[in-house]
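*Asks:* One structure follows; several queries about it will come next.
Quick note: the coordinates plus some simple rules give every number you see, no bench work behind them. All values derive from a computational prediction rather than experimental measurement. Please note: Cβ atoms are built from the backbone with ideal geometry, for glycine as well, and neighbour counts cover all protein chains shown.
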Ligand SMILES: *[C@@H]1O[C@H](CO)[C@@H](O)[C@H](O)[C@H]1NC(C)=O
């Protein structure tokens, strides 16, 4: 059985794992909250702490959300005018100072993130870190920072070739390392210059596209590239589905300590439907993007909380294997006039105790498809003749509706590896199935326990 499971997981590539930034940080995708998507520049110490408290009150810290990231605009109008020109926070909005803020965040059991840009200015025209990498990294260390998001605005044209971008971002990587304080390094150069090819050795996460906008698939020329590969103007106002499309060929670059960052989540910000937000949360999780919330936590509604606290989906994101799903099928959906109005996509990949299949329907009409695990995840072939399948967005108790801890429905019976499974996917929705291999002759709970034992090496 152990041997068979080894076969099940053969999709990992050794060379890529060896090249990761292997300092023990971000072995699974970072999780937390960032101020930008819902507050922009309108931030201060009190609202940062208020969101941190709300995160804890909602029980999100228990689910793994731990980084509270202050995005742009924490800055004073200028650096300290005296050498070594240390960065300073705005004295009015951050009266207690970043260090005291970090202390409070740490006392709450959380971690603090901060933001800067590898340019002369940040995107909101605050002072940037280009040329000040060492003093900035040193100051972040003194403040007790645990995570650094590093943007790409006002970079003085130091981009356009891989090595130019690499050198600019490696400088901060080395400066952070030299402080001796473990800090997650979250590169944000929007996928310029083939980031995914060189970022894994210097950063834990890298943004691979222009900025997200809170929309399912709205068209906007401010996010002009057809593909992220060789994109010369990543831009912003990228819809959620546009970023998912960009990410599809890049997932192969991710693994423990090196993650594609699909940008902060928009769940709860109001621009998408509940079903669309479930798609957003599912695919960010399955692709193993960092899960950084971007909504106002103190005014969060019950449905938003239920989506971002789906433990089954979070467990897939945090799975110790660290292998993202790959898109293995994309079937066009046509209307009666023969016009393409979307597609059905199948994504699949391994988990420590089985496999996951995500089925995405981008069309405006509900779709029904059939698939077998052997078809969409060939590595599963021969692992087990029978599986239990869990629908991660199925409601345990349908009378309770969408509510915290009501996710996860076991599908009836044992399903064979070649058996066709029919799935209904709502318009713009995503179905997520977890496949647990059964040892011969077992079923139900016994089988689940069995597969857990197999993973622990007890069988
Ligand atoms: C610095 O880099 C080395 C080599 O990759 C690594 O072992 C160490 O953990 C890093 N230290 C910090 C504080 O990041």
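*Asks:* Which FRET efficiency, nearest 0.05, do residue 410 and residue 22 yield, Cβ-Cβ r, R0 41 Å?
*Replies:* Details: r = 38 Å, r/R0 = 0.92.
It comes to 0.60.
*Asks:* Express in % the proportion of alpha carbon pairs of segment 69-200 at distances exceeding 21 Å. Spell out each step's value before the answer.
*Replies:* Details: 3214 of 8646 pairs.
Of all Cα-Cα distances in segment 69-200, 37 percent exceed 21 Å.
*Asks:* Taking 0.36 nm per residue of sequence separation and subtracting the Cα-Cα distance, how much length would be gained by fully extending the chain between residue 201 and residue 99, in nm to one decimal?
*Replies:* Roughly 33.8 nm would be gained on extension.
*Asks:* Looking at the chain only, what percent of DSSP beta bridges run antiparallel? Nearest 5 please.
*Replies:* Numbers: 41 of 65 bridges.
Around 65 percent of the beta bridges assigned by DSSP in the chain are antiparallel ones.
*Asks:* Could you tell me what a quarter of the Cα convex hull surface of the chain works out to, in nm² with one decimal place? Show your work: numbers first, answer last.
*Replies:* On the way: hull surface 88.7 nm².
For the chain, averaging the hull's shadow over all directions gives 22.2 nm².
*Asks:* Still on this structure: Any idea how far the Cα center of segment 242-285 sits from the one of segment 66-112, in Å?
*Replies:* 29 Å
*Asks:* Could you tell me what fraction of 2.2 N^0.38 Å the Cα radius of gyration of segment 325-455 comes to, as a two-decimal ratio?
*Replies:* Details: Rg = 15.7 Å, N = 131, 2.2 N^0.38 = 14.0 Å.
In units of the 2.2 N^0.38 Å rule of thumb, it is 1.12.
*Asks:* Provide 91, 66 in ascending order of the number of other Cβ atoms located within 10 Å of each residue's Cβ, fewest first.
*Replies:* Values: 91 10, 66 19.
In order of increasing Cβ crowding within 10 Å: 91, 66.
*Asks:* To continue, here is another question. So how much slack lies between residue 76 and residue 418, counting 0.36 nm per residue of separation and subtracting their Cα-Cα distance, in nm? Numbers along the way, then the final one.
*Replies:* Working: separation 342, 0.36 × 342 = 123.12 nm, distance 6.20 nm.
Answer, rounded to one decimal: 116.9 nm.
*Asks:* Tell me, how many Å apart are the Cα centres for segment 188-215 and for segment 296-322?
*Replies:* Value for the Cα centre distance between the two parts: 23 Å.
*Asks:* Label-point separation (nm) for residue 397 and residue 302, each offset 7 Å from Cα along Cα-to-Cβ?
*Replies:* It works out to 1.2 nm between the two label points.
*Asks:* Would you mind computing Rg(Cα) / (2.2 N^0.38 Å) for segment 275-395, counting N as its residues?
*Replies:* Values: Rg = 15.9 Å, N = 121, 2.2 N^0.38 = 13.6 Å.
So segment 275-395 has a normalised radius of gyration of 1.17.
*Asks:* To continue, here is another question. Dividing the convex hull volume of the alpha carbon atoms of segment 22-89 by its residue count, what do you get in Å³ per residue?
*Replies:* Values: hull volume 8.1 nm³, N = 68.
Per residue, the Cα convex hull of segment 22-89 comes to 118 Å³.
*Asks:* Note down the relative contact order for segment 325-455 as a percent, whole number, built from C-alpha pairs under 8 angstrom at least six residues apart. Working shown, then result.
*Replies:* Working: 280 pairs, mean separation 36.2, N = 131.
Here the relative contact order equals 28 percent.
*Asks:* What FRET efficiency would be calculated for the residue pair residue 230, residue 370, taking the C-beta separation as r and a Förster radius of 45 Å, to the nearest 0.05?
*Replies:* Working: r = 37 Å, r/R0 = 0.82.
After rounding to 0.05, the efficiency reads 0.75.
*Asks:* In nm², what is the average projected area of the convex hull enclosing the Cα atoms of segment 385-437? Don't skip to the answer; put the middle values down first.
*Replies:* Working: hull surface 17.0 nm².
Its average projected convex-hull area is 4.2 nm².
*Asks:* For the chain, find the longest principal axis of its Cα atoms and tell me its angle to the long axis of helix 274-286, 0 to 90°, nearest 10.
*Replies:* 80 degrees
*Asks:* Nearest 0.05, what FRET efficiency do residue 125 and residue 252 give at R0 = 56 Å with Cβ-Cβ as r? Please list the in-between numbers first.
*Replies:* Numbers: r = 37 Å, r/R0 = 0.65.
It comes to 0.95.
*Asks:* Next question. How long, wide and thick is segment 139-270, going by the Cα atoms along their three principal axes, in whole angstroms, largest first?
*Replies:* Extents along the principal axes, in whole Å: 44, 35, 30.
*Asks:* Run the helix sum for the chain: -39,500 (n - 2.57) per DSSP H stretch of 4+ residues, divided by residue count, reported at 222 nm to the nearest 500 deg cm²/dmol. Write down the numbers at each step before the final one.
*Replies:* Working: 14 runs with 124 residues, N = 459.
The helix contribution divided over the chain gives -7500 deg cm²/dmol.
*Asks:* Could you pull the Rg and Dmax for segment 173-233, using just the Cα atoms, both in Å?
*Replies:* 14.4, 45
*Asks:* Based on alpha-carbon atoms only, what is the radius of gyration of segment 246-336 relative to the globular estimate 2.2 N^0.38 Å?
*Replies:* 1.17
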